[in-house]
Amino acid sequence: MIFETPPFWMWIVGFLLVLGPLVTMHELGHYVVGRIFGVRADSFSVGFGRELAGFTDRRGTRWKLSALPLGGYVQFAGDMNPASQPSPEWLALPPEEREQTFQAKPLWQRTLIVLAGPVTNFLIAIMILAAFNFAYGKEFTAPLVEQVVAGSAADQAGIEAGDRIVALDGTAIESFEQVARYVSLYPGQRVVVAYERDGGVHRVPVTLGSLTQRDRFGNEYRFGRLGIGAYERRTVPVGPIESVALAVSQTGEIVRTMITGIWQIVTGMRPVDELGGPLKIAKFSAEQLSLGPLSFVSFVALISINLAFINLLPIPALDGGHLAFYAAEAVRRRPASLRSQEWAFRTGIAFVLALMLFVTINDIVSLPIFGG
């Protein structure tokens, strides 16, 4: 059933169905690679807070279901401080126990263990997108201009019907879908359009138009607009190998879109209220859930890519922060001091909490009850 306005219970269900499994799978990625390298896990929790049920396996890992089903975590043996660095407690462990801890492993193994979480999220998204590609094919339209909207950015730049778009800001263009995706990211901004006409290639700077649209749920989106139309789109079937390759390309395109969006918010090109937090995720989860399983699964893929990307940011307390310290350790041939790492991770945690508070307030202000 499709809801005009999803009820609040669907916000909760959608949120749990999106973030719960994705965060748990993220942690499972850490766990599996850790086990491959012989790191003992003290506990693996689905959810946070008080344990509701669980069991201890033969390796000594406590598997548990906790009260707050908002994800999960894995606690590796010896992981006694935020920076996951050797401590007096770790040094006091018997040698055979110490060898099974995270800190005892060489740098390259620790790097792969940390990297496994975000990679798992990327793989989940790629599998979902590949399944859609294989089942439904891909849309492909040659980047030929069929019509130009009078008075549009393209019209003012002298682009004509019959021209072929070959590049945007130096990025090669192979399909009209690429044109649409690229242009949509830059409302009101200037891009350099390269087009082919009569065997010659022409380059012209174009200030894109801006189009604001609302979806059926009232969410507002702002797009860039070039003002050209293409020939009728066609769907091309793809095989299993090509569907995976296409999914990898689509994942990369989504990551590039995220980077562009963040940069535009930081530089003031886009309003800061476009940043979303847990409430917006819950809202969008409910909306996509109300549209049916295919829309919801597509949204899960998008959020999985978001989780991977955010976790790879070089912010202490996130996976990317650990990886940044490991990169520095590889260059310096020795780790940073425990004190400096602890201070960095405390600062990182404070930054993440402050950001979460900001985006949550942003979410609340955007709710209809507050006129958003």
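Looking at GLU242, is it acidic (Asp, Glu) and in a helix (DSSP H, G or I)?
Values: acidic (Asp, Glu): yes; in a helix (DSSP H, G or I): yes.
Yes, satisfied.
Does LYS64 satisfy the condition of being among the charged types (D, E, K, R), over 30 Å from GLY252 (Cα atoms) and modelled with pLDDT of 90 or more? Explain how you work it out, then say what you get.
Details: among the charged types (D, E, K, R): yes; over 30 Å from GLY252 (Cα atoms): yes; modelled with pLDDT of 90 or more: yes.
Yes, satisfied.
Can you confirm whether region 292-306 contains a residue that is buried (at least 18 other Cβ atoms within 10 Å of the Cβ) and more than 18 Å from ILE128 (Cβ to Cβ)?
no
Exactly one condition in (1) closer than 30 Å to ALA77 by Cα; (2) among the hydrophobic types (A, V, I, L, M, F, W, C); (3) surrounded by fewer than 21 Cβ atoms within 10 Å (Cβ to Cβ) is false for VAL114; which is it?
(3)
State all residues of region 320-368 that are among the acidic types (Asp, Glu) and under 19 Å from GLN103 (Cα atoms); if no residue qualifies, say none.
Answer for region 320-368, where residues must be among the acidic types (Asp, Glu) and under 19 Å from GLN103 (Cα atoms): GLU329, GLU342.
Consider ILE165 carefully, then state whether it is closer than 23 Å to LEU246 by Cβ, of a type outside the set (Phe, Trp, Tyr), at pLDDT 90 or above and in the same structural domain as GLY224 (by TED's automatic domain parsing). Outline the logic, then answer.
Details: closer than 23 Å to LEU246 by Cβ: yes; of a type outside the set (Phe, Trp, Tyr): yes; at pLDDT 90 or above: yes; in the same structural domain as GLY224 (by TED's automatic domain parsing): yes.
Taking the combined requirement at face value, the residue satisfies it.
Just checking, which of PHE37, PHE48, PHE44, PHE55 is in the same structural domain as VAL300 (by TED's automatic domain parsing) and either basic (Lys, Arg) or buried (at least 20 other Cβ atoms within 10 Å of the Cβ) (or both)? Break it down stepwise before answering.
Values: PHE37 fails: either basic (Lys, Arg) or buried (at least 20 other Cβ atoms within 10 Å of the Cβ) (or both); PHE48 fails: either basic (Lys, Arg) or buried (at least 20 other Cβ atoms within 10 Å of the Cβ) (or both); PHE55 fails: either basic (Lys, Arg) or buried (at least 20 other Cβ atoms within 10 Å of the Cβ) (or both).
Criteria check complete, one pass: PHE44.
Restrict the check to region 42-52 and report whether at least one residue is without any contact (Cβ under 8 Å) to a residue 60 or more places away in the chain, on the phi > 0 side of the Ramachandran plot and not in a loop (DSSP other than H, G, I, E, B).
Residues of region 42-52 without any contact (Cβ under 8 Å) to a residue 60 or more places away in the chain: 42-52.
Okay, now just the ones that are also on the phi > 0 side of the Ramachandran plot, so 47, 49.
Cutting the leftovers down to not in a loop (DSSP other than H, G, I, E, B) gives us 47, 49.
Yes, region 42-52 has at least one match.
The values are calculated or read from the model by the stated rules, or taken from the named source; none is laboratory data. Everything numeric in this text was worked out from a predicted model, so none of it was measured. Neighbour counts run over all protein chains shown; Cβ positions are idealised from the backbone, glycine included.
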